Amino acid sequence: MISKSIEDLRYSVIREMSGLAQGLPDVITLGIGEPDFHTPEMITEAAFKDAADGHTHYTHSQGDGELLKGLSVHIKKTMGIDLPPQQFLVTHGGMGSLTAAFRTLLEQGDEVLLPEPHFPDYLAHITFAGGSLNRVPTRFEEGFIPRPEALEAAITDKTRILLLNSPNNPTGAVIPGSVLDGIAKVAVKHDLLVISDEVYDALTHGDVCHESIYTRPGMAERTLVIKSFSKTYAMTGWRIGYCFGPESIIKNMLKVVNYSTACASAVGQRAALAALDLDPHVINSMRDRFSARLDLVCARLEKMQGIQVSRPNGSFYVFANIGPVLEKTGMDSREFAIGLIRSKQLVVVPGYAFGEKCDHCIRIACTVGREKLDQAMDRLQAHLTELMAG
Ligand code: PMP
């Protein structure tokens with residue numbers, strides 16, 4: 001009765017871990033990756049006003065006309081790229097762009113090249129579209145930055161798409177410009193389409209800057225960039241993302257949006273339009289708070305026995321290596337994470353959710369304030385001490 005491709009799909013490990021903690025007292029959740037901040041008031045107020053004024057109908061499937069124009073101006077301002085509104089598509093979160101992109105670009109049996117660790121949901125999006133994943137491991141010791149030579153060596157005659165995610169979920173790795181240059185050359189040489197998931201673009205730390213592969217020579221005609229309002233503006237629940245790329249791709253993705261969601265939420269799109277005018281100080285202040293939290297967590301983890309950490313340059317995640325603890329105890333990352341929930345009411349995500357070779361890690365989302373994070377690190381430390389002593 002149930003289709004095999006869906007039956008075989010694993011339920012989200014991230015959501016499963018949060019579910020295990022439900023009903024326990026005094027839980028600290030560093031599992032689901034969403035900012036804890038409220039959507040800035042100016043955005044909510046503008047959206048409510050527009051809703052009261054009648055922006056409650058279907059919009060065009062491509063998006064609210066004013067938002068499409070606003071995005072074109074925004075991308076010119078932030079990335080220096082001149083693109084007309086018809087090269088944009090507004091979707092139900094960045095997720096909607098991922099769904100539509102793979103449905104549009106993959107034929108049955110096509111392969112998607114993807115650096116690992118990776119955002120788990122990619123697997124489902126690609127499977128839904130009849131494709132398969134070709135994972136290319138990155139290394140903890142190299143800050144999880146993909147190597148162009150490794151990507152090139154993994155290409156097969158079925159590889160059609162290269163999927164990049166920088167800043168990365170779960171590692172926080174930001175691919176440097178020089179590496180993007182190398183990856184772009186590989187994509188051009190092997191005639192690959194590139195999907196560049198940049199939903200964490202505003203969340204880089206210290207003097208690290210986000211760069212896009214889209215701006216490299218020969219890439220504009222083969223790259224689809226995916227962005228979102230979710231993380232930058234603390235707007236996860238409004239469900240607005242967008243993508244831009246070659247008009248031929250956008251025109252065909254439009255059909256998927258048309259037949260799947262008809263359009264993204266009209267009120268959500270008005271909120272997004274207001275967000276484009278948000279004072280950059282508000283965004284920077286959220287980013288700075290995430291930076292301070294990452295500093296706190298990394299400083300605490302560095303002092304713990306049995307755990308290794310490399311400071312992320314982007315996002316709000318720390319992907320910590322717990323290999324030594326697992327070796328000592330004979331556990332895997334799932335057993336470790338479940339033990340941490342049961343014994344210390346602390347939720348993190350076990351590494352295996354992010355790829356086959358990630359079982360020696362856990363993902364910690366720094367999505368609670370510093371005081372709570374400090375308590376969370378106390379609990380983790382106590383848990384590790386008990387495990388290493390036993
Ligand atoms: N890409 C990555 C790497 C993500 O982590 C997420 C959300 N966790 C998304 C895309 C989708 O985000 P949204 O649909 O909320 O825009």
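The values are calculated or read from the model by the stated rules, or taken from the named source; none is laboratory data. Note that the structure is predicted; figures quoted are calculated from it, not measured. Note that we place each Cβ from the backbone using ideal geometry, even for glycine, and neighbour counts take in every protein chain shown.
Values as computed for the structure displayed
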| quantity | calculated |
| --- | --- |
| Helices (runs of 4 or more DSSP H) completely within the stretch 1-71 that count 2 or more residues being surrounded by 14 or more Cβ atoms within 10 Å (Cβ to Cβ) and within 16 Å of the ligand (Cβ to nearest atom) | 13-21 |
| The stretch 83-98, residues that are in contact with a strand residue (DSSP E or B) (Cβ under 8 Å, 6 or more places away or on another chain) and assigned to a helix (DSSP H, G or I) | 87, 93, 94, 95, 96, 97, 98 |
| Unmet requirement for residue 106, which otherwise passes all of (1) touching a Phe, Trp or Tyr at 6+ places or on another chain (Cβ under 9 Å); (2) within 27 Å of residue 255 (Cβ to Cβ); (3) not acidic (Asp, Glu) | (1) |
| Enumeration of residues in the stretch 331-363 that are farther than 15 Å from residue 25 by Cα and of a type in the set (Lys, Arg) | 334, 357, 363 |
| Yes/no for residue 147 being over 30 Å from residue 262 (Cβ atoms), at pLDDT below 95 and either charged (D, E, K, R) or out of contact with any Pro (no Cβ under 9 Å at 6 or more places or on another chain) (or both) | no |
| Criterion: touching a residue at least 40 places away in the same chain (Cβ under 8 Å) and on the phi > 0 side of the Ramachandran plot - qualifying residue of 36, 26 | 26 |
| Those residues of the stretch 310-329 which are within 16 Å of the ligand (Cβ to nearest atom) and among the hydroxyl-bearing types (Ser, Thr, Tyr), in sequence order | 315, 317 |
| Failed item in (1) in contact (Cβ under 8 Å) with a residue 12 or more places away in the chain; (2) closer than 27 Å to residue 352 by Cα; (3) away from the ligand (no atom under 16 Å from the Cβ), with residue 185 passing the rest | (2) |
| Matching residues, the stretch 337-363, being without any contact (Cβ under 8 Å) to a residue 60 or more places away in the chain and among the polar types (S, T, N, Q) | 343 |
| Qualifying residue in the stretch 212-224 (condition: more than 22 Å from residue 178 (Cβ to Cβ) and either within 16 Å of the ligand (Cβ to nearest atom) or among the polar types (S, T, N, Q) (or both)) | yes |
| Selection within the stretch 192-208 - more than 22 Å from residue 89 (Cβ to Cβ) and touching a residue at least 12 places away in the same chain (Cβ under 8 Å) | 203, 204, 205, 206, 208 |
| Residues located in the stretch 181-191, provided they are out of contact with any Pro (no Cβ under 6 Å at 6 or more places or on another chain) and surrounded by 22 or more Cβ atoms within 10 Å (Cβ to Cβ) | 184, 187 |
| Subset of the stretch 238-271 (residues that are of a type in the set (D, E, K, R) and either within 16 Å of the ligand (Cβ to nearest atom) or buried (at least 16 other Cβ atoms within 10 Å of the Cβ) (or both)) | 239, 270 |
| Where residue 166 falls short, out of the listed (1) in contact (Cβ under 8 Å) with a residue 12 or more places away in the chain; (2) over 19 Å from the mean Cα position of the chain (by Cα) | (2) |
| One residue from 90, 136 being within 16 Å of the ligand (Cβ to nearest atom) and in contact with a helix residue (DSSP H, G or I) (Cβ under 9 Å, 6 or more places away or on another chain) | 90 |
| Scope the stretch 197-211; condition part of a strand (DSSP E or B) and either within 11 Å of the ligand (Cβ to nearest atom) or surrounded by fewer than 21 Cβ atoms within 10 Å (Cβ to Cβ) (or both); matching residues | 197 |
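Okay, residues lined up against (1) touching a His at 6+ places or on another chain (Cβ under 9 Å); (2) surrounded by fewer than 16 Cβ atoms within 10 Å (Cβ to Cβ):
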residue	(1), (2)
85	no, no
103	yes, no
114	no, no
118	no, no
133	yes, no
139	no, yes
144	no, no
